[in-house]
Amino acid sequence: MVLTGVGKIADLQKKTSGIRNICILAHVDHGKTTLADCLISSNGIISSRLAGKLRYLDSREDEQVRGITMKSSAISLHFVKGDQEYLINLIDSPGHVDFSSEVSTAVRLCDGCIIVVDAVEGVCPQTQAVLRQAWLENIRPVLVINKIDRLIVERKLTPQEAYLHLKNILEQINAVTGTLFTSKVLEERAEKGTESESISDTASGAEQIYDWSAGLEDTDDSHLYFSPDHGNVVFASAVDGWGFGIEHFAQLYSQKIGIKPAVLLKTLWGDYYLNTKAKRIMKGDQSKGKKPLFVQLVLDNIWSLYEAVMKRDKEKIEKIVTSLGLKIGARESQHADPKVQLNAICSQWLPISDAVLSMVCNKLPSPLDITAERVEKLMCVGARTFDSLPPETQELKSAFMKCSSEGAAPVIVFVSKMFAVDAKALPHNKPRPLTQEEIAHRRELAKQRHTEKMAANQGKEMSGKPQSENSSQVTGNTGDTRGEEQQPSGQAEIMTSKAMKQEADNKESFIAFARVFSGMVRRGQKIFVLGPKYDPAESLHKLSSQCSSENDLPLIPHMTCCTLETLYLLMGRELEDLEEVPAGNVLGIGGLQDFVLKSATLSTSPACPPFTPLSFEATPIVRVAVEPKHPSDMPQLVRGMKLLNQADPCVQVLIQETGEHVLVTAGEVHLQRCLDDLKQRFAKVEISVSPPIIPFRETITRPPKVDMVNEEIGKQQKVAVIHQTKEDQNKIPEGVQVDPDGLITVSTPNKQATLSVRAVPLPEEVTRLLEENSDLIRTMEQLNTSLNEDKKHHEMNQRTLDRIKDFKQSLEQKLQGRKWRNAVDQIWSFGPRKCGPNILLYNFEGYKRSVWQCLGSAVKEVSKYRDFDNSIVSGFQLATLSGPMCEEPLMGVCFTVEKWDMHKAGEMLSTTGQNSGECDTIEHKQNEDATLTSSCTDEVCSLSEHRDSSQSAPKSPEKLSQHKGEVSLADCYGPFSGQLIATMKEACRYALQAKPQRLMAAMYTCEIMATAEVLGRVYAVLSKREGRVLQEEMKEGTDVFIIKAVLPVAESFGFADEIRKRTSGLASPQLVFSHWEIISSDPFWVPTTEEEYLHFGEKADSENQARKYMNAVRKRKGLYVEEKIVEHAEKQRTLSRNK
């Protein structure tokens, strides 16, 4: 096909009904990029012979080397169907689990997607993940079952077996879609249920009627499923260049057999067969042992073609070619590789690009068909409902729905990611072909230079004839020196110009990957950049209704104004300049790197809300610390890391408290790509990379019932064990009282307050609940803070309050039993960072405060504890942020403050404020004077201490000086609130150490597909790396096993490579972060009983996994590690004595 020009594409962009924004989604290695190559070759951008080999959209070098896609890239294609012209904006996305964030960025910009499934492997883990992502973004999928040639060539299936296999794959995919649909219907049903409950509660005396139906019977879901007769399935082999939908064969055979195409379309897929005598299509092929229509009319033909070509049956091939009316060149027909001939025949007979693109145009929506549900979902951030948005914002919904490019329409653009492009690749830096005038001009210049050179040479020859030798020598010398003098300056100029040019070449340019949802975007236009925390409700009352991005505006948080410098058409590896882009198109925007970090919403209307943030499937978990090899390169590294952070949607760049620069990535392959980018593109310096920093959590468990050799622990033995371990570690110092049941009592250094704290492990399901609802807990904290500060701008959203109530109820259900009585109402705080999976309870008289304040359950009362309760909470936050074993955060621990005694001075500190009102005015004045003269030198000294000194200030000057001494004595420990924080932190640490401590490791779920012959090797690698197999099942109709296992993140580095090596590439794992799991072994364990001594030996030097992990983390953090350099020394024996 002829190459389409930029002008033509710019014209097509204006016809919104003919635009299709689609992305290709699939599991890794299912053939997305090969399929994209076939579609690109239909536009003449690449040769059809190279389709599948070139992988045009994999423009990075490491993508070509590894053979996997690592970033999503877009290209615009022109497709003509009958008299209709379409513009297809195609985005190819990665299938590897480490790059699933790139899939999220692609899906947000599209209206439809092509799901590609390998005909042999079927539905894989990542296929399910991408279907879920498409579902969450409300975009419509179509299906391409790829690699059908593998069923013929590799698996050697008969057409009948292949039909059953394909049917099975379709059922699996529809099952995944069905579960997604069911969960959605049930959620909506539950929401309606809660609404109807609230209505029925208000209607008093009415009889309650329960409806037990799930609501699935009434809802129509037939349009969701994939079925060839719906026209949303294409069977293909991208590598051989063919693909078809059954409508192609329905048209073909309707003329031959004389049956209507509509009838054939319904019966070509399913249990139908052709009765040749009656020329009728009958039902029930299997019961009568007949061939299904699909096998008879479609698959048999493809199988016979493959058989003829593979066996080099020339007569049969010629017969097929002539009957199909194709023309095959001599080069293809005589080629040594039969695949070439096959490709030539199939790509003409059943061109894959026509089948796929016509399905896309028929079945996928244009930008005009965007659903109201999707618009509302995009506009509502967090727990906000569409109805709670300001009216100006709600009006923008119509702009989304119209998708118009008129001047009056507000411009709304979403930037899903920023990507780096080499400055040389930008259109204005590219070498362009010269015009005739320029060529003539250059020719003239070259002639001129040549004549000058000739004249100079002739002059030299003339001066060479000597008048006298002496004079000639002098002139020669002077000439030389002049030449030498002139030369360096010329060289310097060349050098500087080269350096400048190199610097310009090395510069990375950032381009925003975006889509216009409404309005016309023009080059040089001014536009608002709205950050993810921007709230239109807050800013609209500050701005006038007529304001636009052209005016000077007041400072508004999370909103800036910028100019769109350049607009680009994304053409895979190429970029083309555009002047304007209408609504509904995908584009690249230059010049936003200073305004947008990773994603943003751009709009000319300040009423536009920021879009819902992208949801990423993979959690970044793999951390490494990086530093430059030469310390002088530190500024380049910092700059490079900032650029990397902007260029990658999933990577996180942090500077830890230790001063280390840390990269957090989604997995090993992702980490390798980020490091390569940092070295070669962004920082351009040599860097040293630490071994991966593995995150752990610390927790406590119930005391074990049996010891390490499964002997029941008696009471005396238990005490002995506790005493021995405590003596060994010498953990708890003097002045800390420890009860046998684990209650810790500590006093502050100035002895003004005493705290009693107990630590208890939380049930596992409660920890999980707290982890899942961390965002909700953070919202609760914000609401409580605004209530305490009497701010009213945080309007209470009913939906959020309902979620908080549900969360409280589920906590109450899970915390059952005697020891958890009233625990939920006594929750004082969550931690660390006030939203973590640990709880602080209060269980002492005279104090009442609750985290459920936002539900209106708390009463503002004044007590002696009120001034200092925040200090206790801060101490708890610090204790949960770094535990005693290796300074890692705690998880699943509940601390209860069972006693908090304030001694007289402490009570006076807090009660002063209450009593001060009773004083006389004169006395009050004297007190103020005393306060001014008192020696409270510490600036951080809390207000209550000032009050304390003022309240107890006597009238006589002698006593005043005496009191000064007392105050300074009390102050030598610092402010009282600070002492409480430190004491609470210590108390929590000692309470932890009084219980059996355990480490928690981060775990991956690992899915491995392997054939039966390599199963043993896979298991060997898993067991060597502390993995645990959860289930193993055989895939129906194949000899492939799917193994599901869990594997500690700490053991996962190099795991994928090792499995591939051991199984000769026949098994490849997919690792996704799953959960935290307690490591069962005690890191401080030593043998105490006789049986343990017998079993483990006196030194007990067998490998303790938990201790090994703990010591590794302590070493990394520079903490003390108790280990001997020489563990078991023996006398050295020389070789000569050994003889």
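The values are calculated or read from the model by the stated rules, or taken from the named source; none is laboratory data. Predicted, not measured: the structure shown is a model, and the values here were computed from it. All Cβ positions, glycine included, derive from the backbone under ideal geometry; neighbour counts span all protein chains shown. Accessible surface is based on the protein model in full, side chains and every heavy atom, while ligands, DNA and RNA are left aside. Shrake-Rupley method; radii C 1.70, N 1.55, O 1.52, S 1.80 Å.
In terms of packing, defined here as the mean over residues of other Cβ atoms within 10 angstrom, the peptides 566-572, 63-69, 988-994 line up highest first as 988-994, 566-572, 63-69. Distance from the Cα centroid of segment 267-282 to that of segment 301-344 is 29 Å (rounded to whole angstrom).
Descending by average beta-carbon neighbour count within 10 Å, the peptides 674-681, 838-845, 452-459 line up as 838-845, 674-681, 452-459, the highest first. Enter the Cα centre distance for the pair segment 1009-1078 and segment 1-42, rounded to the nearest angstrom. Centre-to-centre (Cα) distance: 37 Å. Expressed as a whole percent, the accessible surface of segment 600-663 that belongs to carbon and sulfur atoms is 55, based on a 1.4 Å probe. If you count Lys pairs in segment 280-325 whose Cα atoms are under 29 Å apart, skipping same-chain pairs closer than 8 places in sequence, the total is 9. Spin-label pair residue 301-residue 772: with each label point 7 Å from Cα along the Cα-Cβ axis, the two points sit 5.2 nm from one another.
Net charge within 15 Å of residue 1058 by Cβ-Cβ distance, Lys/Arg positive one each and Asp/Glu negative one each, not counting residue 1058 itself? It works out to a net charge of +2. Residue 1080 sits among other residues whose Cβ lies under 12 Å from its own Cβ, and their net charge, with Lys and Arg +1 and Asp and Glu -1, is -1. For the residue pairs 260/327; 363/1035; 277/327; 705/1115; 899/985, alpha carbon separations beyond 25 Å are given by 260/327; 363/1035; 277/327; 705/1115.
3J(HN,Hα) couplings calculated from phi for segment 357-366 with the Karplus curve 6.51 cos²θ - 1.76 cosθ + 1.60 (θ = phi - 60°) are, in sequence order, 5, 5, 4, 4, 5, 7, 9, 9, x, 8 Hz; Gly and Pro show x. Once the chain from residue 1108 to residue 1030 is taken as fully extended at 0.36 nm per residue, the excess over their C-alpha distance is 25.6 nm. All other residues whose Cβ lies under 13 angstrom from that of residue 146 are scored, Lys and Arg at +1 and Asp and Glu at -1, for a net of -3. The protection proxy used here, the mean number of other Cβ atoms lying within 10 Å of each residue, ranks peptides 816-826, 1060-1070 as follows, highest first: 1060-1070, 816-826.
Between the C-alpha center of segment 114-157 and that of segment 386-443 there is a gap of 33 Å.
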